[in-house]
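To start, the structure itself, in structure tokens.
The values are calculated or read from the model by the stated rules, or taken from the named source; none is laboratory data. No experiment lies behind these values; they were computed from the predicted model shown. Methodologically, a virtual Cβ is constructed for each residue, glycine included, from the backbone with ideal geometry; neighbour enumeration extends over all protein chains shown.
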Amino acid sequence: MHIEYKVTNDNNNQKVSQILKNHLKFSRGEIRRIKRCAGLMVNDQAVRLNSLVKEGDLIRVNFQDDNDQPVIPQDIPLNILFEDEHILVVNKPFNMLVHPLSYHVLNTLANGVIYHWQLQGHNSKFRSVNRLDKDTSGVILIAKSSYICHQLSEQMKKGICRREYLAVVHNRITMNSGILDFPIGWPNNDSLVFGVTSQGKEAITHFTVIQRFASGSLVKLRLETGRTHQIRVHMRHFGHPLMGDELYGGSLELIHRQALHSWHLEFNHPVTKKNMQLEAPLPADMTSLIHELKSLRKFFP
């Protein structure tokens with residue numbers, strides 16, 4: 001993997017390190033890593049970070065593979081929405097962890113991704129830019145290098161990377177749309193779940209009602225922040241817990257996992273600068289849930 005940058009007149013007679021920092025937005029850690037790995041070239045010649053460049057020069061940064069791969073490769077089918085040299089976007093099924101845990105080292109998304117990459121002759125660490133709970137399905141953005149991960153993480157912080165979810169919640173929401181702005185944290189020292197608390201961190205969720213049923217609502221949600229269990233906590237606090245979310249007050253009567261799906265992800269490609277919009281269709285269990293709610297006698301359009 002590599003990225004290239006053609007020096008412009010504005011960069012004439014600058015150090016390579018200045019261009020890496022100011023124009024390509026490399027972090028200090030990444031610049032140190034490039035120095036250690038000797039992965040820097042100008043016009044196909046190896047150079048130092050303090051080398052000066054002139055207009056028209058072509059800077060190339062080669063990313064080194066990660067040799068200390070901690071994840072066990074495992075042949076797991078992946079629903080790939082997009083892949084190129086720098087990023088991978090996958091539609092994660094529910095009932096699958098994203099990362100291995102000490103007591104759960106196999107059958108995670110990371111195991112399948114590492115196996116997929118090694119088949120391609122690529123050895124990189126698993127770096128997910130966004131995260132989903134085990135029982136939340138949908139779009140996961142994965143970076144193939146620490147540089148790309150850093151760029152995408154910055155987009156997350158600045159709100160350039162937009163995440164939208166679909167959820168089926170209990171009870172009819174009377175408002176068509178709104179903003180849930182409630183801090184999230186541990187309500188007390190003995191708490192086993194997150195909650196809305198004045199001592200928590202800022203958390204903002206935008207919601208729009210897509211459809212109402214006799215006993216529930218289909219809602220589109222957009223995250224402005226990314227707190228753990230943010231949607232689940234906010235919707236419970238709002239009086240509309242997710243169906244199937246027993247941990248946060250939902251019922252398992254119609255679905256046996258939280259009815260939450262990451263359906264849309266928008267970001268700017270860190271290398272091509274292209275605006276990327278990727279969507280994952282609703283999984284079968286949530287589609288069946290919606291059909292079931294529609295079939296109830298007291299259905300409201």
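Descriptive notes on the structure:
- Per the conditions (1) farther than 26 Å from Leu289 by Cα; (2) in contact with a strand residue (DSSP E or B) (Cβ under 7 Å, 6 or more places away or on another chain), the sole criterion not satisfied by Asn189 is (2).
- Residue count for region 161-192 under the criterion of being loosely packed, with under 14 Cβ neighbours inside 10 Å and either small (Gly, Ala, Ser) or not in a strand (DSSP E or B) (or both): the result is 10.
- Boolean, Leu242 is over 15 Å from the mean Cα position of the chain (by Cα) and of a type in the set (A, V, I, L, M, F, W, C): yes
- Selection count, region 211-227, where residues are more than 23 Å from the chain's Cα centre (by Cα) and either basic (Lys, Arg) or outside the structural domain of Pro241 (by TED's automatic domain parsing) (or both): 1
- Filter result for Leu81 (surrounded by 16 or more Cβ atoms within 10 Å (Cβ to Cβ), assigned to a strand (DSSP E or B) and in contact (Cβ under 8 Å) with a residue 60 or more places away in the chain): yes
- Criterion violated by Gln18 - all others in (1) surrounded by 12 or more Cβ atoms within 10 Å (Cβ to Cβ); (2) touching a Ser or Thr at 6+ places or on another chain (Cβ under 9 Å); (3) over 22 Å from His269 (Cβ atoms) satisfied: (2)
- Residues being of a type outside the set (Lys, Arg) and surrounded by fewer than 16 Cβ atoms within 10 Å (Cβ to Cβ) - total across region 1-13: 7
- Within region 90-129, the set of residues being buried (at least 21 other Cβ atoms within 10 Å of the Cβ) and under 17 Å from Leu278 (Cβ atoms) comprises Val90, Lys92, Leu109, Val113, Val129.
- Filtered residue count, region 193-210, keeping only those that are closer than 26 Å to Ser295 by Cβ and either surrounded by 16 or more Cβ atoms within 10 Å (Cβ to Cβ) or not assigned by TED's automatic domain parsing to the domain that holds Ala167 (or both): 2
- Matching option when the condition is acidic (Asp, Glu), in the same structural domain as Asp133 (by TED's automatic domain parsing), at pLDDT below 95 and out of contact with any helix residue (DSSP H, G or I) (no Cβ under 8 Å at 6 or more places or on another chain), among Asp181, Asp190: Asp190
- Residue that is nearest to His264 (Cα to Cα), among those in region 213-227 that are in contact with a Leu (Cβ under 9 Å, 6 or more places away or on another chain) and part of a loop (DSSP other than H, G, I, E, B): Phe213
- Selection of region 240-289 for residues being over 27 Å from Gly195 (Cα atoms), in contact with a helix residue (DSSP H, G or I) (Cβ under 6 Å, 6 or more places away or on another chain) and either part of a strand (DSSP E or B) or modelled with pLDDT of 95 or more (or both) yields only Phe267.
- Across region 48-77, the qualifying residues are those that are of a type in the set (A, V, I, L, M) and surrounded by fewer than 17 Cβ atoms within 10 Å (Cβ to Cβ), and the one among them that is nearest to Ala280 (Cα to Cα) is Ile72.
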